[in-house]
1. Using alpha-carbon pairs under 8 Å, 6+ residues apart, how would you state the relative contact order of the chain in percent?
2. Please report 135, 66 as a ranked list, fewest other C-beta atoms within 10 angstrom at the top and most at the bottom.
3. What list do you get for 45, 101 if you sort them by fewest beta carbons within 10 Å?
4. Residues of region 125-167 with amide nitrogen under 13 Å from the 7 Å Cα-to-Cβ point of residue 66?
5. What ranking do 105, 41 get, fewest neighbouring Cβ atoms within 10 angstrom at the top?
6. At residue 13 and residue 141, where each label point lies 7 Å from the Cα along Cα→Cβ, what is the point-to-point distance in nanometres?
7. Viscosity 1.002 mPa s, temperature 20 °C: what is the translational diffusion coefficient of the chain from Stokes-Einstein with a Kirkwood Rh over Cα pairs, rounded to a whole number of µm²/s?
8. Which percent of the Cα-Cα distances in region 69-112 go past 13 Å?
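Since every read-out is calculated from the coordinates, none of them should be taken as a lab result. This one's a predicted model, so the numbers in the text were calculated from it and none came from an experiment. All Cβ positions, glycine included, derive from the backbone under ideal geometry; neighbour counts span all protein chains shown.
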Ligand SMILES: CC(C)(COP(=O)(O)OP(=O)(O)OC[C@H]1O[C@@H](n2cnc3c(N)ncnc32)[C@H](O)[C@@H]1OP(=O)(O)O)[C@@H](O)C(=O)NCCC(=O)NCCS
């Protein structure tokens, strides 16, 4: 049986491609960083074995279930080195609702990489999976993350108190949503035309 992988996508500066076990070193290089993991639900990786486990126990099973999370994202000039992951999972298939995931190596913060990669992923996902809604959230303390989501067109929809338990504390979550109609309007797409 042929193994499913998310397709290779391309934006102005980036390639978005599946992650394989051979990428373990470049993913570990940023996943081990406490700064990168400060606002994430996952802990910074202690050793390359943690990263291997992430790929074997999370990435590959997602692909086996045809879930496009995560894409490994590289700069075009260095297609071997993954600097960021972006992807989408189903949060409710019955409600046609998906969730957007993202996280970037600190070396590349503030260069618009997440919005660029995110735009590319969102285009693909709205076209292929046809969700009604894609949700995303970050903690109320993560202003950069909130700004990156706004730059992709997500609308802030409210705060859930103590919704995220992470690293021994409850954190308030800023909820964001992006509807297919928001996306179509942003991109000038006629949804009736595209089906
Ligand atoms: C937060 C994060 C997702 C933003 O992605 P990004 O590619 O850096 O996004 P942008 O470059 O568009 O920056 C977004 C905003 O953050 C701020 N910012 C980001 N990096 C900055 C830096 N080094 N210095 C100053 N401001 C910065 C800016 O306000 C910017 O908005 P602007 O372009 O309108 O000025 C990314 O930095 C990241 O992954 N951080 C660590 C992990 C994390 O927090 N993940 C999200 C879990 S919910």
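1. Values: 328 pairs, mean separation 32.3, N = 195.
Relative contact order comes out at 17 percent.
2. Working: 135 17, 66 10.
Going from sparsest to densest Cβ surroundings: 66, 135.
3. Working: 45 21, 101 17.
So the residues, fewest neighbours to most, are 101, 45.
4. 128-130
5. Details: 105 21, 41 13.
Exposure proxy ranking, most exposed first: 41, 105.
6. Between residue 13 and residue 141, the simple spin-label model gives 2.8 nm.
7. Numbers: Rh = 17.3 Å.
It diffuses with D of about 124 µm²/s by this estimate.
8. On the way: 575 of 946 pairs.
When all Cα pairs of region 69-112 are counted, 61 percent exceed 13 Å.
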